[in-house]
């Protein structure tokens, strides 16, 4: 394969997600990855991830990290090689359930490799009570904090997660704890705050124009315009290893409005923790905002 050309990140880029794998050692009942469907995907090798991502030019002043996630990203067989191979000028964030050997992680990856000057942790640990024992998880986070890692704890805000208890224990351990909304339907009720509530209604689909400001890269390197397409394995717009890759954001026709993934249309904090951001802008075919 010839050496791939450099690609400048779009100036309106807000998030770059590298889904190293969809595999996870947990099987949580509320996992957003399984909101409708999750297609099986091949996985790029570490060399492919490194070559594909390193061609990107992301000015550090944009404060947009490469966020490694999944599934559980540490499930990738070459997890450490990918982190070590990325360009030093990249910021790196990690979304993880921390079900791996943290001593091995700390031996392989120094604290400064995952750290930015932003008001939240670069390593964001998700607590899943169906599979993770809270006190054990808190001790692992506390140990990494003592070694200088930028790490915090997150949990989906559901009664089963016993948020008050988790918050109290996190404070006792000196750990930054934050919650995430429960998204989607449960008992015929829609949970979450959305800019376009009709988009997750499940009612009759219609065609719209949609523009995203996030780069979502599947385990096989295909880039999708939204999480719905990412998880279904449909309608890729490019591949990370395309010789003539174009990642400019633009309005794209979509006939699946009504089946959107909640992650795309929820109102959330941006990368500076300012509330009110939505990753997509949706217009009707008459170009009026919905």
Self-check item: Number of the condition not met by residue 235 [criteria: (1) more than 24 Å from residue 156 (Cβ to Cβ); (2) in contact with a helix residue (DSSP H, G or I) (Cβ under 9 Å, 6 or more places away or on another chain); (3) touching a residue at least 24 places away in the same chain (Cβ under 8 Å)]
Solution: (3)
Quiz item: What number of residues within the range 268-289 are surrounded by 14 or more Cβ atoms within 10 Å (Cβ to Cβ) and either closer than 27 Å to residue 121 by Cα or modelled with pLDDT under 90 (or both)?
Solution: 7
Quiz item: Which of the helices (runs of 4 or more DSSP H) contained wholly in the range 84-187 include at least 2 residues that are buried (at least 19 other Cβ atoms within 10 Å of the Cβ)?
Solution: 134-146, 163-172
Quiz prompt | Residue that is out of contact with any helix residue (DSSP H, G or I) (no Cβ under 9 Å at 6 or more places or on another chain), within 24 Å of residue 280 (Cα to Cα) and without any contact (Cβ under 8 Å) to a residue 60 or more places away in the chain, where the choices are 126, 201 | solution = 201
Quiz item: Which of the residues spanning the range 141-159 are out of contact with any strand residue (DSSP E or B) (no Cβ under 8 Å at 6 or more places or on another chain) and touching a residue at least 24 places away in the same chain (Cβ under 8 Å)?
Solution: 142, 143, 147, 148, 158
Practice problem: Looking at (1) modelled with pLDDT under 95; (2) in contact with a strand residue (DSSP E or B) (Cβ under 9 Å, 6 or more places away or on another chain); (3) surrounded by fewer than 17 Cβ atoms within 10 Å (Cβ to Cβ), find the lone condition where residue 239 falls short. | Solution: (1)
Exercise. Take residue 260 and decide whether it is touching a strand residue (DSSP E or B) at 6+ places or on another chain (Cβ under 7 Å), touching a residue at least 12 places away in the same chain (Cβ under 8 Å) and closer than 18 Å to residue 283 by Cβ.
Key: no
Quiz item: Condition test on residue 271, is it within 14 Å of the chain's Cα centre (by Cα) and in contact (Cβ under 8 Å) with a residue 24 or more places away in the chain?
Solution: yes
Exercise. Please find, within the range 54-68, the residue that is nearest to the chain's Cα centre (by Cα) out of those that are in contact (Cβ under 8 Å) with a residue 40 or more places away in the chain and surrounded by fewer than 18 Cβ atoms within 10 Å (Cβ to Cβ).
Key: 63
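The values are calculated or read from the model by the stated rules, or taken from the named source; none is laboratory data. In this text the structure is predicted, and so the values were computed from the model without any measurement. FYI the Cβ positions are ideal-geometry reconstructions off the backbone, even for glycines, and counts take in every protein chain you see.
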